[in-house]
Amino acid sequence: FEALHAAVAGLPVSGSRVLPGLVLRRDFAAYCPASGELAAVVVTESLHPALSAPGVEFVVGSEGQYQASLRWCTRRTEAVMKRLQSSNVKLLLSSVKQQEVVIYYAKLYGVSVVECLSSEEIALICEITGVSPCTPFGDNGEITETAVATFCQPLLLGSKRYVHVGFTSVCAFQPHCLILCGPVDGVNEQHAAALQGAFTMLQQLFKTVDQ
């Protein structure tokens, strides 16, 4: 339920509604408008390679060698974004914050980026689409798992910007998101708790009927 509702304070309760798809509680780090269905990938690591692995000391002999290493990392990042473009990927969903160089090349190659997604949001997206997070720096570097987004656009609720995205589901579950509006956060929290309790009760009731 946490990933299937968004609470907006400062709006009348009558503004509450149900929207198809998911409302991700983040703004685009990079937004490149695209029409029709688009391919999306999920990542859980930075697309900009580190100079060394965690716990491994990186030693350089000169400033020139250090700058050359930075240029190598940048070229690797650009190569990843080119690979996404060649695979017709238009949307990158990330659980971590991507570096500015990633955002730069994403805009350059027409890939929208949503970063810092919660573990609940990532898990829900993977469950709906049937994909697993991809590893951009794997042995072959191929993009083997892509989700299909039916739409992806900014959504303004009150003074906050969100990402509204719909996915082609591989299961019977067709996600919808509940937009809860109220004068203050406390009212929205009460409504969310009441609705979650009601949905839980209905879920238990249907389980009993099925048995």
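Readers should treat all values here as calculations from the given coordinates under stated rules, not as data from a laboratory. For clarity, every value in this text was computed on a predicted model and none was experimentally measured. Note: ideal-geometry Cβ built from the backbone for every residue, glycine included; neighbour counts use all protein chains shown.
So the values come out like this:
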| read-out | value |
| --- | --- |
| Residue 126 paired with residue 72, simple spin-label distance in nm, labels 7 Å along Cα-to-beta-carbon | 3.1 nm |
| Qualifying GluC sites (Glu not before Pro) in segment 61-142, DSSP loop, other Cβ atoms within 10 Å at most 14 | 142 |
| Per DSSP, loop trypsin sites (Lys or Arg not before Pro) in segment 64-155 with at most 12 further Cβ within 10 Å | 97 |
| Hydrodynamic radius by Kirkwood, which averages 1/r over all alpha carbon pairs of segment 22-174, in angstrom | 16.4 Å |
| Fewest-first sequence of 5, 176 by Cβ atoms within 10 Å of each Cβ | 176, 5 |
| Charge sum, other residues only, whose C-beta stays under 11 Å from residue 8's C-beta, Lys/Arg counted +1 and Asp/Glu -1 | +2 |
| Length gained when the stretch residue 63-residue 88 is fully extended (0.36 nm per residue, less Cα-Cα span) | 5.2 nm |
